[in-house]
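The structure appears below as structure tokens.
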Amino acid sequence: MHRALLVIALFKFLVALVAFTITSRIDPVLLVSCVLMAISSIIVRVVEEGEVAIVLVGLILLIDSIGVLLSFTQVSILYVLTYIFFIVWDIQILMLFRQLIQ
């Protein structure tokens, strides 16, 4: 599970870099989401409990939801689409982890 979270964190970071390259503006909520996902992979590695992963990914889903609400106030549609993609991505991760735990 921790490797999956680490791969997702790297993927989110690469998307954040692409969004930064296109818009020349750093989105702090997106960076917090990437960093929290990387920290979550370390926590899940240490604790080795699947329930902890579900709680942490749920927290990241909340952060991405806040990010999509904040991105509606900005002019860039790229961040709105990025956050919507990450929300769907996080929901899929939650469903996957839930199946792994059961």
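Throughout, read-outs are computed from the coordinates displayed, never taken from laboratory work. Source: prediction; values computed, not measured. Here Cβ is always computed from backbone atoms with ideal geometry, including for glycine, and neighbour counts include all displayed protein chains.
Below, the figures for the structure above:
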{"quantity": "Computed helical MRE - 222 nm, the chain, DSSP H runs ≥ 4 contributing -39500 (n - 2.57), nearest 500", "calculated": "-30500 deg cm²/dmol"}
{"quantity": "Gyration tensor (alpha-carbon) shape descriptor, region 44-102, a/c threshold 1.5", "calculated": "prolate"}
{"quantity": "Two-site FRET efficiency, ILE39 against VAL75, from Cβ-Cβ distance with R₀ of 41 Å, rounded to 0.05", "calculated": "0.85"}
{"quantity": "For region 36-44, Karplus couplings with θ = phi - 60° (6.51, -1.76, 1.60), whole Hz, Gly/Pro x", "calculated": "5, 5, 5, 5, 5, 5, 5, 5, 5"}
{"quantity": "Centre separation in Å (Cα based) which lies between region 1-35 and region 53-85", "calculated": "11"}
{"quantity": "From the C-alpha gyration tensor of the chain, square roots of 5λ in Å", "calculated": "25, 13, 10"}
{"quantity": "With eigenvalues of the C-alpha gyration tensor scaled by 5 and rooted, region 8-59, Å", "calculated": "26, 9, 7"}
